[in-house]
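See structure below.
Every read-out reported here was derived from the displayed coordinates using simple, explicitly stated rules and does not represent laboratory data. If you're wondering where the values come from, they're calculated on a predicted model, not measured in any experiment. Using ideal geometry, Cβ is built from the backbone for each residue, glycine included, and neighbour counts are taken over all protein chains shown.
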Amino acid sequence: MTDYNKPARVRFAPSPTGHMHLGGARTALYNYLFARRTGGKFILRIEDTDQKRYVPEAEQEILDGLNWLGLELDEGPGVGGDYGPYRQTERREAYREHAQLLVDKGYAFPCFCTPERLARVREEQQRKKENPHYDGTCRKLGPDEAARRAANGEKYVIRFKVPKDGSTTAHDLLRGDIVIENRNVDDYVILKSDGLPTYHLAAMVDDHLMQITHVIRGLEWQSTFPLHVMIIRAFGWEEPVWVHLSVFRKPEGKGKMSKRDTSEAAKGDHSIFIKDLKELGYIPEGILNWIALMGWGVPEDDVMTLDQMVERFELDKLTASPAAINFQKLDHFNGTHIRLLPDPELAARIKPFFVEAGYSVKDDVLIKIVPLIRERLVTLDDCIPFAGFFFKDVVEPNPDELIAKGLDAKRSAAIARKTYEILSALPDLTHQTTEPPMRAYVEQSGLSANQVFGILRVATTGQKVSPPLFESVEIIGKEKSLERLKKAIEILEGM
RNA sequence: GCCCCCAUCGUCUAGUGGCCCAGGACGAAGCCCUCUCAAGGCUUAAACUGGAGUUCGAAUCUCCAUGGGGGCACCA
């Protein structure tokens, strides 16, 4: 049973090879939640041992992503901590030493096989419908010969020497014991010929040195999980608790979500990349709540802030089965959390979207429109179509839309004139002063509120759909509202 | 092909042998509210993959089948 009173040390260990995506964010989130829940530490480690796939901007994007999401780090690159450095390329000596230690103890061996030969062997095995695996050539090399060839300048890697017989039992918190026959585990390379380790060695060494207590990682590691356990046992170290998270499936429910599959994932108004989601107007609260619940279920009250998730989080309640991404649900959570934001906060969040769209934002106006549009926003950038007109000098209504439903241009013009008459007679246009006389007009004219208000709406806001009419007119102001009404009358009369 | 894992409404999930003719959420449908669009309230439809066991009793345990997923690199 998981002890939530014992501070855990957990890590999020991405490789800087591309954009931060939903899967990574969820792994980070679960690690964060568990760290906070136990009063432990949330650590970031950059796994940059593959120089071929290295993307320089990726590390910053990860940092930005975590920061934006609000997953605060306790240790990591740029943050510091007692177990650094937190970038694997800065720890190569540790890996080299540990690889040598395994060789000395007989748990690993140098391998001089060329990639070309290995490729041929693999081809041959596949042709014979055999399981592709290392054929063991250098396993039998004596230490003297190995030393001689190495001294000769021959390139070599170090492979883990997996026992030929027996089986290995590895324990996953969510799945229980996983038993695998050792003959099904390959002699994996743990140190590459460039002197850098592969994941298998690097992660195990670091997790041990960094005193990681719980390894919460993606399912892609499940197949090499027994290998990792063997490595740890070879060193004689204590094992962390292992948790392999399910993968995200594509919205169609088929296949794994892939960050390479951008055309599929990033189309439309959604994306699997955190930085895209930010630009699309999604807020951290919404995203976090959404991904938290893909792989973790709560009985009820599923709308949660980060802090509430921390309170409720239970590691062993995570789900072992894969989850299909459902962007509709993201929209729901995003809208829900937007509605939970206090006025000034929401104002601050939508402001950049107005600015980005080219509007000059007046803060006093901004704070007034927030209550009007809050429950209409699914994403922050929805504020543009809903409330852009508040910051426009002139609006240009579509003439056809000025004509009320069931009426013609002439009739609509008459209504607009009457509306102008009513409004211009008022000292100022607050929603309290404008609504009663307009309602009275609707009443005695026999028209519907829809028809009369519709004309006013299109005239003053320039659009058929808008925030509540009289509140909007109030914010637009008397002068500008009447000006716009007048222009609408002219348009209608010219039809 | 081989190894490993998973399996409750369309989707995310609750459920750890009786509380389940299976609960919540998204989505869908309907109604209410209503100046548009939303939000909100109420209601409805919708699932234990199949087959064998174990048991007085199974969504819950076991086995098999089927389906789905992950992996099979000097990538992580």
Go through A:Leu118, A:Thr198, A:Thr213 and say which Cα lies farthest out towards the positive end of the charge dipole of the stretch A:90-245; charges sit on Cβ, +1 for Lys and Arg, -1 for Asp and Glu.
A:Leu118
If one computes the Cα centroid of the stretch A:356-389 and of the stretch A:60-77, what distance in Å separates the two points?
29
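Indicate, rounded to the nearest 5 percent, the antiparallel portion of the DSSP beta bridges found entirely in chain A. The partial results should precede the final answer.
Numbers: 17 of 32 bridges.
In chain A, approximately 55 percent of DSSP beta bridges are antiparallel ones.
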Which one, A:Gly335, A:Thr379, A:Ser360, is farthest towards the positive end of the dipole of the stretch A:280-386 when Lys and Arg carry +1 and Asp and Glu -1 on their Cβ?
A:Ser360
Exceeding the 32 Å Cα-Cα cut-off - candidates A:Lys410/A:Lys480; A:Lys329/A:Lys368; A:Lys161/A:Lys250:
A:Lys161/A:Lys250
Residues listed by number, the stretch A:55-85, amide nitrogen under 11 Å from A:Thr17 label point at 7 Å toward C-beta:
A:55
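Restricting to Cα pairs below 8 Å that are 6+ residues apart, what does the relative contact order work out to for chain A? Please round to a whole percent. Kindly include the intermediate steps, with their values, before the conclusion.
Numbers: 726 pairs, mean separation 59.9, N = 495.
Relative contact order comes out at 12 percent.
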Nearest-0.05 FRET efficiency for A:Glu57 and A:Arg120, computed from C-beta distance (R0 41 Å):
0.60
Give the cross-link partners of A:Lys140 among the aspartates and glutamates, using a straight C-alpha distance below 14 Å as the criterion and excluding same-chain residues fewer than 8 apart.
A:Asp187
Remind me, relative contact order of the stretch A:262-343 in percent, using alpha carbon pairs under 8 angstrom and six or more residues apart?
37
For the stretch A:100-175, with equal point scatterers placed on the C-alpha atoms only and solvent neglected, what are the log10 I(q)/I(0) values from the Debye formula at q = 0.15, 0.17, 0.20, 0.26 1/Å, to two decimals?
-0.67, -0.80, -0.97, -1.22
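Taking the stretch A:384-423, which trypsin sites (Lys or Arg not before Pro) meet the DSSP loop condition and have no more than 11 other C-beta atoms within 10 Å?
On the way: sites: A:Lys392, A:Lys405, A:Lys410, A:Arg411, A:Arg417, A:Lys418; in loops: A:Lys392, A:Lys405.
Filter output for the stretch A:384-423: A:Lys405.
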Rg from C-alpha atoms of chain A, normalised by the globular rule of thumb 2.2 N^0.38 Å, equals 1.36
All other residues with a Cβ under 15 Å from the Cβ of A:Pro468 taken together, and with Lys, Arg as +1 and Asp, Glu as -1, what is their net charge?
+2
Per DSSP helix of 4 or more residues, -39500 (n - 2.57); summed, then divided by the residues of chain A. What does that give at 222 nm, rounded to the nearest 500?
-14000 deg cm²/dmol
Unpartnered cysteines of chain A (Cβ-Cβ under 4.7 Å counts as a partner)?
A:Cys113, A:Cys383
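About the Cα centre, and with charges only on the beta carbon of Lys, Arg (+1) and Asp, Glu (-1), how big is the dipole of chain A? Nearest 20 debye, please. Each step should come with its number before you reach the end.
On the way: 67 positive and 74 negative charges, 254 e Å.
That gives chain A a dipole magnitude of about 1220 debye.
Kirkwood hydrodynamic radius, the stretch A:393-493, all distinct C-alpha pairs: what's the number in Å?
Numbers: mean 1/r = 0.0766 Å⁻¹.
Evaluated over the stretch A:393-493, this radius sits at 13.1 Å.
Compute the Cα gyration tensor for the stretch A:90-245, then decide on rounded, prolate or oblate, letting a ≥ b ≥ c be the square roots of its eigenvalues: rounded whenever a/c is under 1.5, prolate when a/b is larger than b/c in the other cases, and oblate in all that remain. Write down the numbers at each step before the final one.
Working: a/c = 1.95, a/b = 1.28, b/c = 1.52.
Oblate, because a/c is 1.5 or more while a/b does not exceed b/c.
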